[in-house]
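Just below is one structure, and these are the notes that go with it.
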Amino acid sequence: MLIHSVHLPHYKNSAESPTIELPLPDKVIISMAQHLGAPCTPTVAIGDKVKIGDIIGNSEAVMSAPVHASISGTVTAITDVLHISGRNMSSVVIESDGKGEISDRIKPPVVNNREDFLKAVRESGSIGLGGAGFPTSLKLGYDRTEYHPDYLIINGAECEPYITSDYRCFMEEGEKILDGIRLILKYLEIPKCIIGIEKNKPRAIAKMTELCKNDSNITVKALKSSYPQGAEKTLIFSTTKRVVKEGCLPITSGCIVVNSSTVAFISDYIKTGMPLVKRRITVDGNIVKKPSNFMAAVGMSIGEIVYHADLSEKPDRILLGGPMMGACAFDIDYPLAKTSNALLLFANSPVYKPSACIRCGRCVSACTMNLLPTELEHAFDMRDAERLKKLNVNLCVNCGACSYVCPAKRNLAEKHQLAKAFVRKQSAVKK
C-alpha cells in the first residue's frame, strides 16, 4: 500500500512554552454537544447550585459522554447556542460564585476489572482530545467475543502546523501517559502498545523512550514528519503496516488508537476522580505575540483565553483546531469545548477565488487514502450518488491535503464532506 502525504511548515512556535494554568472564569457556557454522537440532555435547572465536577448533562445513548461543571456557582440559563457545526445546541450557563469549590462526589473510582474500568472511563466524560471527540468508553468497550486487538496505538503525531498541546503533554505528563497505557493494557488485556510520535519532536521521543525502557511490551516509534500522519488509518499503517478496509473500524485490524492526552487524562481520573472539566490548548497565529499553551476550563470564552496570549491586532479569522482540519469560530466569545486542542488567530488572511481545474493531478498525489479528488468533485456536482460510492467517497478522512496542494484553489475537501452527507441521505431515502 502506498501512503501519500504532504509536507507542511511546522510553525511549532509554542513547543517549548510550558503550560500555564488559567484562573477560573466568572462565567462558562457549556454545550451539551462536547463529543461525536448523541448530545447530552441537561440534568440541572436554572437556579441550581453546582460545584466543579458535578454532572450537568448526560445521555443514555451509547455514543455519548457525560458533561460536567467546570466552575462552581449558579446555573443562570439553559439555552440554545450556535455550535461550531452550524447547529443550535442546548448549553448550560453557569455564573461563578468565586469559590472554585470541588464537588463532594469527586473521589477516585474503584476499579478491579474491565467492567469497572470502562464504567469509570464513561463517568469521567473522556473523549478523544486530539480533536475528533469520539467517546473513549465506546472505543475501549468493544465486544470481546468479536474483537481481539493485539495493539494499542498512542497517537502522538500532532502533524498539523502550530498545535503543540499533545507535545506539552508528553513533556509535562509523560508519566501519566505511561500509567494510562498500562491501565488500558491491563484491563483490556491488550498485549502490546506502540507510541507514535513524529520525528520533529525528538525530545518527546527521547523522554518516552526512557520512560518505557522497562516495559518490554511498550515501544516508541519515530514517525515520518508528514501530513496527515495522525489520521487513524494512516497511523495504523505507519506503525503496524496493517490496512483498515473501507467501511471497517480500526479495531477490525487488531488495533485501538487513543490520543496521548486522552491516555494521560484517564490516568489522572483513575487517581483523583476529577472528570474532564479542563483541557490544554495551544494559542498561536500571525497576530499572537506570545504563542502559548494554556490549561483552561471547558466553557470558558476563547476571548478570555486569548487575553493571556496578547494580540498585535484584531483577528479576521479565528480557528478552533489546526489550519488543515479546524473550523472557524463565529466570534471571540465562542466557548471552549473539550475537543478544542488549539486556538489560532490570524489577520490579513488571504481569500482565494477558485478557478477551473487544470487536471494537474496534484490532489491525487496528495491523497493519503489514494482517492481521486477531482473525480469525486465532479460526481458530487452531478449529484451522482452511485458514482461517489464507486469512487469510495466514504474513505475520505477530511484531511484537506487535496485543497492545500490545488493550484486552482478549488474547495475539494469541503465538497467531499458534502458528498459524504449526500450519499448518506440518498441511502436513507432508498431504505
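The amide H of residue 341, built 1.01 Å from its N in the peptide plane, has 321 as neighbours under 5 Å, considering only residues 5 or more places off or on other chains. Taking 25 °C and 0.890 mPa s as conditions, the range 362-430 diffuses translationally at an estimated 208 µm²/s according to Stokes-Einstein applied to its Kirkwood radius (Cα pairs). Computed from these coordinates, which is semi-axes √(5λ) of the Cα gyration tensor in Å: (1) 32, 27, 23; (2) 54, 24, 22; (3) 42, 28, 17? Recomputing semi-axes √(5λ) of the Cα gyration tensor in Å here gives the entry labelled (1).
Whole-Hz Karplus values for the range 228-233 come out as x, 4, x, 4, 3, 5 Hz, taken residue by residue from phi with 6.51 cos²θ - 1.76 cosθ + 1.60 and θ = phi - 60°; glycine and proline positions read x. Summarising the strand pairing of the range 114-272, around 5 percent of its internal DSSP beta bridges are antiparallel.
Couplings 3J(HN,Hα) of the range 265-278, computed from phi: 5, 4, 4, 5, 5, 4, 7, 10, x, 7, x, 7, 10, 8 Hz, in residue order, whole Hz [Karplus 6.51 cos²θ - 1.76 cosθ + 1.60, θ = phi - 60°; x for Gly and Pro]. Here the range 182-225 and the range 235-260 have alpha carbon centers that stand 16 Å from each other.
In the distance distribution for the range 1-50, Cα-Cα pairs more than 11 Å apart total 84 percent.
Residues whose amide H falls under 5 Å from that of residue 27, counting only those 5 or more places apart or on a different chain, are 96, with hydrogens built in the peptide plane.
Going down the list 201/233; 192/271; 51/425; 338/390; 199/278, which pairs span over 31 Å between their C-alpha atoms?
Table pairs above 31 Å Cα-Cα are 51/425; 338/390.
When DSSP beta bridges are limited to those with both residues in the chain, what percentage is antiparallel, rounded to the nearest 5? Please report the intermediate quantities before stating the final value.
On the way: 36 of 59 bridges.
Rounded to the nearest five, the antiparallel share is 60 percent.
Between the C-alpha center of the range 317-372 and that of the range 52-126 there is a gap of 29 Å. Ordering 7, 416 from the fewest to the most neighbouring beta carbons within 10 Å gives 7, 416.
Every number in this text was worked out from the coordinates using simple rules, so none of it is lab data. Small disclaimer: the values here were computed from a predicted structure and weren't measured. Reconstructed Cβ throughout: ideal geometry from the backbone, glycine too, with neighbour counts over all protein chains shown.
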